[in-house]
């Protein structure tokens with residue numbers, strides 16, 4: 001009986017030892033495994049801004065809806081008034097009451113005497129003309145031809161009927177153009193209602 005109790009005691013002791021060893025191994029395995037590293041949240045990808053070509057709209061395009069073409073030319077009288085060499089002619093046109101006709105009619109070709117041409121006139125004759133609108137109007141109408149005649153369409157020997165009713169004769173010698181004996185010193189000033197050729201003399205009908 002004592003022997004049996006001793007064997008049971010040894011058996012129980014052995015089982016306790018085995019149980020303790022098994023527990024120790026499991027604890028060792030549990031502590032030997034590295035702890036998982038905490039997850040680091042990934043930063044969102046930053047997209048580079050897409051550069052778009054800049055569009056520059058000029059003030060002129062904005063005002064005209066993209067159409068940047070120039071304005072139409074002024075009238076014959078407007079262009080003559082802007083030319084300092086034609087100030088005497090403009091004053092004569094206004095004195096003769098022909099301003100409206102040159103503003104509204106067209107197309108016209110005007111052979112425009114410059115200030116030097118008027119300076120060649122006797123001053124007493126010029127003063128008399130300026131005080132006589134009818135005579136002055138006849139002389140000025142002798143400088144105006146109905147229709148547009150740029151210099152490229154003027155040929156030697158051409159005759160042009162003026163608004164005064166009589167004809168002017170054109171002479172062309174190389175690049176020199178004369179009309180009624182006066183030389184064209186500046187040709188082809190394009191106007192909205194015709195063309196102006198500046199001449200160096202006042203024509204007499």
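The values are calculated or read from the model by the stated rules, or taken from the named source; none is laboratory data. Remember, predicted model here, so these are calculated numbers, not experimental data. Cβ placement follows ideal geometry from the backbone for every residue including glycine, while neighbour counts extend to all protein chains displayed.
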**Asked** Can you name the number of the only condition in (1) touching a strand residue (DSSP E or B) at 6+ places or on another chain (Cβ under 8 Å); (2) over 23 Å from residue 87 (Cβ atoms) that residue 199 fails?
**Response** (2)
**Request:** Evaluate the stretch 168-177: report whether one residue or more is touching a residue at least 24 places away in the same chain (Cβ under 8 Å), buried (at least 18 other Cβ atoms within 10 Å of the Cβ), under 39 Å from the mean Cα position of the chain (by Cα) and more than 19 Å from residue 92 (Cβ to Cβ).
**Result:** yes
**Asked** What is the residue count in the stretch 186-205 for residues that are buried (at least 17 other Cβ atoms within 10 Å of the Cβ) and within 32 Å of the chain's Cα centre (by Cα)?
**Response** 8
**Message:** Which numbered condition in (1) in a loop (DSSP other than H, G, I, E, B); (2) over 18 Å from residue 90 (Cα atoms); (3) touching a helix residue (DSSP H, G or I) at 6+ places or on another chain (Cβ under 7 Å) is the only one that residue 165 fails?
**Reply:** (3)
**Asked** Out of 177, 196, which single residue is farther than 26 Å from residue 100 by Cβ, touching a helix residue (DSSP H, G or I) at 6+ places or on another chain (Cβ under 7 Å), in a strand (DSSP E or B) and at pLDDT 95 or above?
**Response** 177
